[in-house]
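Novice: Here it is, the structure in full.
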Ligand SMILES: [Zn+2]
């Protein structure tokens, strides 16, 4: 199974890190994707853009390594996402390459616009990735000159977290059903899913602490554990993460299950 986690900023993934760690431990392929470099974090003060983005890439790489995942950064601009077709198309090209069976992302109603927009493009990209003429459509540079279609085979960015390279070649569409998980939101109309992550609570707490030490959050590791325990109670286990799930393009089954 291949799972892609699509979030706006490094640290957004804390809510599903236990689930992702369970899947990598089971041998599934997991890719953490951030649509921005989270360059506006106020902890950076007057540091240069280069310095800030270097540190954010390190954060992403540390977390991915911690759970045995691949990772990828886009640079759609912290607090500048619009949910545009162009943003969705960048992500759709990565879907066509990674071929996820499941995607995890934000809820639709989070106050931060980047969070809502990352969820929007994560959903839009499911359809865009199904259409060969779209994922291979000609792109132009700033002067309007055509760029070659991307060939992401052997993409060094897949492991390094670098942005998608401009190589030649053709992408195959990705048309298998994608189960679309979103952070739980009380107003969501979609079914709830609890994932028992008690056996990954330690690594989840480590990731939370990693960011805690950077941001100096008042929210501490103890409260994080209490939160997972409360969610666990709702799902009948000791610790859980909580999602809503949407599914589209499902094939007919022989029977109910
Ligand atoms: Zn965020």
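Novice: Which value does Rg/Rh take for the range 1-52 over its C-alpha atoms, Rh per Kirkwood?
Specialist: Rounded to two decimals, Rg/Rh equals 1.12.
Novice: How do 212, 249 rank when sorted from fewest to most other Cβ atoms within 10 Å of their own Cβ?
Specialist: 249, 212
Novice: Peptides 125-138, 63-76, 7-20, 185-198: what's the order by average Cβ count within 10 Å, highest mean first?
Specialist: 7-20, 63-76, 125-138, 185-198
Novice: Then there's this: Please report the relative contact order for the range 1-149, taking Cα pairs under 8 Å with a sequence separation of at least 6, and give it as a percent rounded to a whole number.
Specialist: 27 percent
Novice: Report, in whole Å, the centroid distance computed from the Cα atoms of the range 66-125 and the range 19-53.
Specialist: So the separation of the two Cα centres works out to 12 Å.
Novice: Another question about this same structure. What residue among 95, 211, 183 has the largest mean-square fluctuation in a Gaussian network model of the chain, using Cα springs under 10 Å?
Specialist: Answer for the Gaussian network model of the chain: 211.
Novice: Given the -39500 (n - 2.57) contribution per DSSP H run of 4+ residues, what per-residue ellipticity at 222 nm results for the chain, rounded to the nearest 500 deg cm²/dmol?
Specialist: Per the formula, -11500 deg cm²/dmol.
Novice: Here's another thing I want to ask about it. How do 48, 143, 79 rank when sorted from fewest to most other Cβ atoms within 10 Å of their own Cβ?
Specialist: 143, 48, 79
Novice: For the chain, set up a GNM with springs between Cα atoms under 10 Å and report which of 28, 124, 213 has the largest fluctuation.
Specialist: 213
Novice: When a footprinting reagent is the concern and you count Cβ atoms within 10 Å, what order do 200, 251, 22 take, fewest first?
Specialist: Arranged by neighbour count, lowest to highest, 200, 251, 22 become 251, 22, 200.
Novice: Would you calculate the separation in nanometres between label points at residue 233 and residue 86, each defined as 7 Å from the Cα along the Cα-to-beta-carbon direction?
Specialist: Computed distance between label sites residue 233 and residue 86 equals 4.9 nm.
Novice: Within the range 63-105, find all residues whose amide N lies under 16 Å from a label point positioned 7 Å from the Cα of residue 219 along Cα-to-beta-carbon.
Specialist: Backbone N within reach: 105.
Novice: Relative contact order of the chain: what whole-number percent is it, with Cα pairs under 8 angstrom and at least 6 residues apart?
Specialist: 21 percent.
Novice: Still on this structure: Seen from all sides and averaged, what is the projected area of the convex hull of the Cα atoms in the chain, in nm²?
Specialist: Mean projected area of the Cα convex hull: 14.9 nm².
Novice: Which of 201, 234, 171 ends up with the largest GNM mean-square fluctuation for the chain, with Cα atoms connected below 10 Å?
Specialist: 234
Novice: Do you know the relative contact order of the range 32-107, to the nearest whole percent, from alpha carbon pairs under 8 angstrom that are 6+ apart?
Specialist: 40 percent
Throughout, read-outs are computed from the coordinates displayed, never taken from laboratory work. Just so we're clear, the structure is a prediction, and the values are computed from it rather than from any experiment. When we count neighbours, we look across all protein chains shown, and the Cβ atoms used for this are built from the backbone with ideal geometry, even at glycine.
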